[in-house]
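Okay, so here's the structure we're looking at.
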Amino acid sequence: MNTDLPIREDLRGRDPYGAPQLDVPVRLNTNENPHPPSPRLVQALAEAVAAVAGRLNRYPDRDAVELRKDLADYLGHGITARQVWAANGSNEIIQQILQAFGGPGRSALGFEPSYSMHPTITHVSGTRWIDAERSADFGIDPRSAIKAIEQHRPDVVFLTSPNNPTGTALPPAVIQEILAVASGMVVVDEAYAEFRREGTPSALSLLPGNRRLIVTRTMSKAFAMAGTRVGYLAADPEVVEALLLVRLPYHLSAITQVVARTALAHGDELLGAVEALRQERDGLMEWLRAEGFTAPESDANFVLFGKFADRGRVWQGLLDRGVLVREVGPPEWLRVTVGLPEEMAAFRTALTEVMAEVMGEIA
Ligand SMILES: *Cc1c(COP(=O)(O)O)cnc(C)c1O
């Protein structure tokens, strides 16, 4: 944005977050769960909203206690409501973490390529962003991670696992090595945790004894509730108390709280599609590789694929055929979200056509 308004100098020239929201038949670009709520759940949501509607003259529960209890029960691992905090999407959770633990004169470090909102929210909170690198296979090499952390002493370290946009999950041993050297908070962003493959542990198991560990989750992806805007974290109760200092009063509306609780009560239904999506993902990866593409292992509901000399061309070719994927991550790659079987079929057909076109021109 360029303006003569007296905007903060550090915001001048920046662009807002802007994954295209295009109305096309096959939308595979923002890692949503493709299944809408069932009529039964829609009914339950409507009734729950109606029940709070008569009390909307009052502010909601500021501390969202009942919701936090439900989220703690969902997480398991012996986690209690005092260890859970919720906000409008995990993006707001991340913002609150940076407001409490980052800020002017402080820094946050992340390993790229990763989720673009980590550096964006970092900047906006007045925190300095430090770019560290993932290895060629998109994992994090503990030795170089430790070196970067010891060199920069960041106040916040971001670890995304499974990582967006690469799908890469981190072994808990790597997280533990990082916790051992980091003097600041270590945030493991587990937005895609429910999609991870059998045998890939969650960082939740590392919470006991690690007071500087924060694990963030969301209801936007596996839980099929992106429109509700609920994200949450699990951490030491003192971390939650620190976040109370920066949260806006009544940040989570009564509607949001009741909708999220109703969704959690129907968790079996909402999470029912996760297994099918994981299988669809594995099938997609196999197909991409058989077609000669490179696709790193994915523990998420999307696959990074490439490599393309001109990915913009392929992205546009897919869009021309009604399939929207994401132009994100390192320049030779595209990311596709796992959708319904018929959407994946449309994607495969469109990609085959686009590649034939691109090859035809080269030949
Ligand atoms: C999608 C995503 C989020 C989520 O956001 P919400 O604000 O909860 O919708 C957080 N982290 C990562 C890595 C994501 O990909």
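Of the residues making up region 153-168, those that are buried (at least 16 other Cβ atoms within 10 Å of the Cβ) and away from the ligand (no atom under 12 Å from the Cβ) are PRO154, ASP155, VAL156, VAL157. The residues of region 206-223 that are more than 16 Å from HIS77 (Cα to Cα) and within 16 Å of the ligand (Cβ to nearest atom), listed by number, are THR218, MET219, SER220, LYS221, ALA222, PHE223. Screening ALA50, ALA72 for residues that are outside any loop (DSSP other than H, G, I, E, B) and either touching a Lys or Arg at 6+ places or on another chain (Cβ under 9 Å) or of a type in the set (Lys, Arg) (or both) leaves exactly one candidate, ALA72.
Checked against the criterion of being open to solvent by 30 Å² or more (accessible area, probe 1.4 Å), modelled with pLDDT of 95 or more, within 14 Å of the ligand (Cβ to nearest atom) and not aromatic (Phe, Trp, Tyr), the candidates GLU150, GLU112 yield just one match: GLU112.
The set of residues in region 256-272 being among the small types (Gly, Ala, Ser) and open to solvent by less than 20 Å² (accessible area, probe 1.4 Å) consists of ALA260, ALA263, GLY267.
Scanning for something small (Gly, Ala, Ser) and within 16 Å of the ligand (Cβ to nearest atom), does region 77-87 turn up at least one residue? Within region 77-87, one or more residues are small (Gly, Ala, Ser) and within 16 Å of the ligand (Cβ to nearest atom).
Within region 236-247, does at least one residue satisfy the condition of being more than 15 Å from GLU190 (Cα to Cα), assigned to a loop (DSSP other than H, G, I, E, B), touching a residue at least 60 places away in the same chain (Cβ under 8 Å) and within 13 Å of the ligand (Cβ to nearest atom)? For region 236-247, residues more than 15 Å from GLU190 (Cα to Cα), assigned to a loop (DSSP other than H, G, I, E, B), touching a residue at least 60 places away in the same chain (Cβ under 8 Å) and within 13 Å of the ligand (Cβ to nearest atom): absent.
Assessment of region 194-212 against the conditions (of a type in the set (Lys, Arg), over 15 Å from the mean Cα position of the chain (by Cα) and closer than 21 Å to GLY139 by Cβ) yields at least one matching residue. Count of region 53-67 residues, restricted to those that are within 16 Å of the ligand (Cβ to nearest atom) and part of a helix (DSSP H, G or I), is 1. Checking each residue in region 322-340 for being of a type in the set (Lys, Arg) and either open to solvent by 30 Å² or more (accessible area, probe 1.4 Å) or in a helix (DSSP H, G or I) (or both) picks out only ARG326. Put simply, of GLU343, GLU286, GLU275, GLU353 the only residue that is open to solvent by 30 Å² or more (accessible area, probe 1.4 Å), touching a Pro at 6+ places or on another chain (Cβ under 9 Å) and part of a helix (DSSP H, G or I) is GLU343.
PHE138 satisfies every condition listed in (1) open to solvent by less than 10 Å² (accessible area, probe 1.4 Å); (2) within 23 Å of SER202 (Cα to Cα); (3) within 15 Å of the ligand (Cβ to nearest atom) except (1). Take the residues in region 77-101 that are more than 20 Å from the chain's Cα centre (by Cα) and assigned to a loop (DSSP other than H, G, I, E, B); name whichever of them is surrounded by the most Cβ atoms within 10 Å (Cβ to Cβ). Going through the qualifying residues, I end up with ILE79. No other residue among GLU194, GLU177 is in contact with a Pro (Cβ under 7 Å, 6 or more places away or on another chain), among the acidic types (Asp, Glu) and not in a loop (DSSP other than H, G, I, E, B) apart from GLU177.
Considered as a group, the residues in region 169-188 that are more than 14 Å from the ligand (Cβ to nearest atom) and open to solvent by less than 20 Å² (accessible area, probe 1.4 Å) include one that is farthest from ARG82 (Cα to Cα), and that residue is VAL174. Looking across ALA226, ALA191, ALA222, one residue alone is of a type in the set (A, V, I, L, M, F, W, C), at negative phi and open to solvent by 30 Å² or more (accessible area, probe 1.4 Å). It is ALA226. Taking region 198-235 as the range and being among the aromatic types (Phe, Trp, Tyr) and outside any loop (DSSP other than H, G, I, E, B) as the test, only TYR232 passes. Restricting attention to region 1-52, the residues that are exposed (fewer than 12 other Cβ atoms within 10 Å of the Cβ) and within 16 Å of the ligand (Cβ to nearest atom) total 4.
The values are calculated or read from the model by the stated rules, or taken from the named source; none is laboratory data. Everything quoted here is computed from the prediction, not taken from an experiment. Methodologically, a virtual Cβ is constructed for each residue, glycine included, from the backbone with ideal geometry; neighbour enumeration extends over all protein chains shown. The accessibility values were calculated without ligands, DNA or RNA, using every heavy atom of the protein model including side chains. Shrake-Rupley method; radii C 1.70, N 1.55, O 1.52, S 1.80 Å.
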